[in-house]
Amino acid sequence: MIRLFDTHAHLNDAEVFPRVDEILSRAQDAGVRRIVVPGYDYDSCLRALDLAARYPHVRAAVGFHPNDAESVRDGHLAELESWCAQDAVVAVGEIGLDYHYDVPRDVQDRLLRDQVRLARRVQKPVVIHDRDAHEDIVRVLAEERVGDAGGIMHCFSGSVEMMNQCLKLGLYISLGGPVTFKNAKRPVAVAAEVPSERLLIETDTPWLAPHPHRGKANEPAFVRLVAETIAGARGQSVEAIAELTWDNACRLFAWERDEP
Ligand code: NI
């Protein structure tokens, strides 16, 4: 029996949250046995904590996304740090840089640096979002010594060259739905090249549904399609990809490898 670990699913998304029981039941049927739910703003962090408290196989990441950087108020970072004391919080995220939208870059830069420093203090890995900001993200993460906390390049969209820079920083590479798209080239090249001990899989639910569900609502059950595509690119079995990404996620999140 295959066991899959979806390292990034926004079950805390306002549209997804009310349907979470049916989504988790389909995930169970598909062999998805653990899920990490990342926050992106204050309320979504609270919903991630709520889910992690209710379901033992779900844990939370807490953090403020660059697209929501302007909604971060005084006191939010202190609260974020206090949430990190909970056992159910396994990472700080998702955080990062996004140059696709118009949030001022200096605001994003400051928020990212503050949260990487926080992650180093609490000794939890970071979950990094990078959209159209490849050069700056690598530079800022290096300057802030992200390797002291460790972390994930979530839904990695860079080249093999950038992957190597991220590996040098001590980061894991997580691949999602885009690796399955018919026109996918870079993510497939990355899938073939990532060292086994640094590869993770994810859905980014409800976004970026894999082929043949592209354009529809994504959900953790679909992470198997991501694992299958990666298995094909690496010439490995889907069982092998499931097992090695399981082990990697448990190591990174300090989550005991064996289920109760
Ligand atoms: Ni996300």
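Data overview
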item: Tally of Lys pairs whose C-alpha atoms are under 23 Å apart, taken over the chain, 8 or more apart or cross-chain; result: 4
item: Approximate spin-label separation residue 71-residue 148, in nm, with each point projected 7 Å along Cα-to-Cβ; result: 3.0
item: Residue order, fewest to most beta carbons within 10 Å, for 166, 84; result: 84, 166
item: Exposure proxy ranking, count of Cβ atoms within 10 Å, fewest first, for 250, 155; result: 250, 155
item: Structure-based [θ]222 nm, the chain - -39500 (n - 2.57) summed over DSSP H runs of at least 4, per residue, nearest 500; result: -12500 deg cm²/dmol
item: Long-range amide H partners of residue 93 with built H, under 5 Å; result: 39, 62, 63, 127
item: Residue 113/residue 82 FRET efficiency (R0 25 Å; Cβ-Cβ; nearest 0.05); result: 0.80
item: Derived scalar couplings ³J(HN,Hα) [segment 152-168; Karplus, 6.51 cos²θ - 1.76 cosθ + 1.60; whole Hz; x for Gly, Pro]; result: 10, 8, 7, 6, 4, 10, x, 7, 4, 5, 5, 3, 5, 5, 5, 4, 5
item: Taking the convex hull of Cα positions in segment 4-252, its mean projected area over all directions (nm²); result: 11.8
item: Residue-wise HN-Hα coupling along segment 55-63, computed from phi with Karplus coefficients 6.51, -1.76, 1.60 (Hz; x: Gly, Pro); result: 10, x, 8, 10, 10, 10, 10, 10, x
item: Loop-resident sites, segment 152-260, for GluC sites (Glu not before Pro), counting at most 16 other Cβ within 10 Å (DSSP); result: 256
item: Under-5 Å amide H pairs with residue 32, H placed in peptide plane, nonlocal only; result: 4
item: Rel. contact order, % - alpha carbon contacts under 8 angstrom, at least six apart, the chain; result: 19
item: For segment 8-35 and segment 53-106, distance of Cα centres in Å; result: 20
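None of the figures in this text is laboratory data; all of them are computed from the coordinates on show. Predicted, not measured: the structure shown is a model, and the values here were computed from it. Note that we place each Cβ from the backbone using ideal geometry, even for glycine, and neighbour counts take in every protein chain shown.
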